[in-house]
Every structure is written in structure tokens, then in C-alpha cells.
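Structure first, then comments.
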Amino acid sequence: MCNVVFKGSISDIVPHDPPMVLLDRFVAATESALEAEVHITEGSPFYCPEKGVPAYVGIEYIAQAISAYNGLLSYQNNEKIELGFLLGSRRVDLKCAYFPVGSILSILVNVSFNDGEMAVFDGTIILDGQAVVTGRINAYQPKNPRQLIKLTQE
């Protein structure tokens, strides 16, 4: 996946149903990174009147950008887009309390480690040219996630 051209909707590559697809737009991707955007409006999930969206929601924005990265890989390989799991976050740094209405956030994720199931991504959220959220996300995308879900329901 080098300088990927993708014309579909972000919801085509993120395995969530509305309104929980929090990303608004795919921007660009390479073999080891993806950029997406989020537009903060009064209709954004988790919006707090007169404040905006809490910056800690940025962890989920980063997680969904990771999901978009994996979904794009599956899409390009004509494979089913599967669920993944956020296992944890480390070194999260929030440099603001809220993302204000009218903001356009750039969500950047870069692969640090990936063995095909377990992965670590470095994520950054850029607002007005400044990194306002950074963190390292541990994620798990099992080879057969539907079987794992079935096991947890028994």
C-alpha cells in the first residue's frame, strides 16, 4: 500500500455502524501510515455544549484511524473487513481539554510493530498545525474475530 488512492467513504473501511463511525474522511495512506480527518460540530458524538468534544475522545479517533488502516489493507486485498480490539494505550498526552466546534482534526497513525494480529501504533492528532494529542495504542486483530466473539458469548 504505497500512497493509496481511496475514493470510498470512511465507513467503507471502518467496521462500525453510524453514529459510531467517528472519523469523517480518509485523507491519505502509505504502507505504514494513515491520515484521516474529523470535523468537530455541535452534532459530533460526545459534544459538550459550549466546550466541544473532550480531548480524551481523541484516543478513540486514533483507534478508529488504526481500524481504517487495517480496513484499507483488507479492502485492497479483497478481504472481508474484520473487527479489531483496542487493548490499551500508553504515553497518552493531551495538550488541550476540548476540541472546539469548527475544528478540523488531522488524525495520523503510524505502525510501530505489527505481527499480523498484535500491533502497536503511534498516533497523533493535529489541530491548527500543533500536536494536541499523542499516544501509543496497542491493538489486536485476531485471524478469526467472529470465533473469538462467539467464545466470549458462551
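The values are calculated or read from the model by the stated rules, or taken from the named source; none is laboratory data. Just so it is clear, the model here is predicted, and its values are computed rather than measured. Every residue, glycine among them, receives a Cβ derived from its backbone with ideal geometry; neighbour counts consider all protein chains shown. Heads up: the accessible areas ignore ligands, DNA and RNA and are worked out on the full protein's heavy atoms, side chains in. Shrake-Rupley method; radii C 1.70, N 1.55, O 1.52, S 1.80 Å.
When you look at GLU82, is it closer than 21 Å to TYR140 by Cβ and modelled with pLDDT under 95, yes or no? Spell out the reasoning first.
Working: closer than 21 Å to TYR140 by Cβ: yes; modelled with pLDDT under 95: yes.
So GLU82 passes the test.
Looking only at residues that are without any contact (Cβ under 8 Å) to a residue 12 or more places away in the chain and either of a type in the set (S, T, N, Q) or in contact with a helix residue (DSSP H, G or I) (Cβ under 7 Å, 6 or more places away or on another chain) (or both) in the stretch 75-93, which one is least open to solvent (accessible area, probe 1.4 Å)? Spell out how you get there, then give the answer.
At the first step, the residues of the stretch 75-93 found to be without any contact (Cβ under 8 Å) to a residue 12 or more places away in the chain are 77-80.
Subset that is either of a type in the set (S, T, N, Q) or in contact with a helix residue (DSSP H, G or I) (Cβ under 7 Å, 6 or more places away or on another chain) (or both): 77-78, 80.
Numbers: ASN77: 95, ASN78: 144, LYS80: 127 Å².
Of everything passing the filter in the stretch 75-93, ASN77 is least open to solvent (accessible area, probe 1.4 Å).
I want to confirm something. Restricting to the stretch 7-53 and keeping residues that are out of contact with any helix residue (DSSP H, G or I) (no Cβ under 9 Å at 6 or more places or on another chain) and basic (Lys, Arg), which single residue is surrounded by the most Cβ atoms within 10 Å (Cβ to Cβ)? Per the criteria, the residue is LYS51. Scanning the stretch 54-65 for residues that are β-branched (Val, Ile, Thr) and open to solvent by less than 40 Å² (accessible area, probe 1.4 Å) turns up at least one hit.
Here's the yes/no breakdown for (1) over 22 Å from PRO54 (Cβ atoms); (2) at pLDDT 95 or above; (3) surrounded by fewer than 20 Cβ atoms within 10 Å (Cβ to Cβ):
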residue: LYS95; (1), (2), (3): no, yes, yes
residue: PRO100; (1), (2), (3): no, yes, yes
residue: ILE107; (1), (2), (3): no, yes, no
residue: ALA119; (1), (2), (3): yes, yes, no
residue: THR124; (1), (2), (3): no, yes, yes
residue: ARG136; (1), (2), (3): no, yes, yes
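Listed conditions (1) free of Cβ contacts under 8 Å to residues at least 40 places away in the same chain; (2) over 17 Å from ALA131 (Cα atoms); (3) not β-branched (Val, Ile, Thr) are all met by GLU60, apart from (2).
Pairs meeting the criteria (first residue in the stretch 5-20 and of a type in the set (Ser, Thr, Tyr), second residue open to solvent by less than 60 Å² (accessible area, probe 1.4 Å) and part of a loop (DSSP other than H, G, I, E, B), beta carbons under 6 Å, at least 6 apart or on different chains) are SER11/VAL21.
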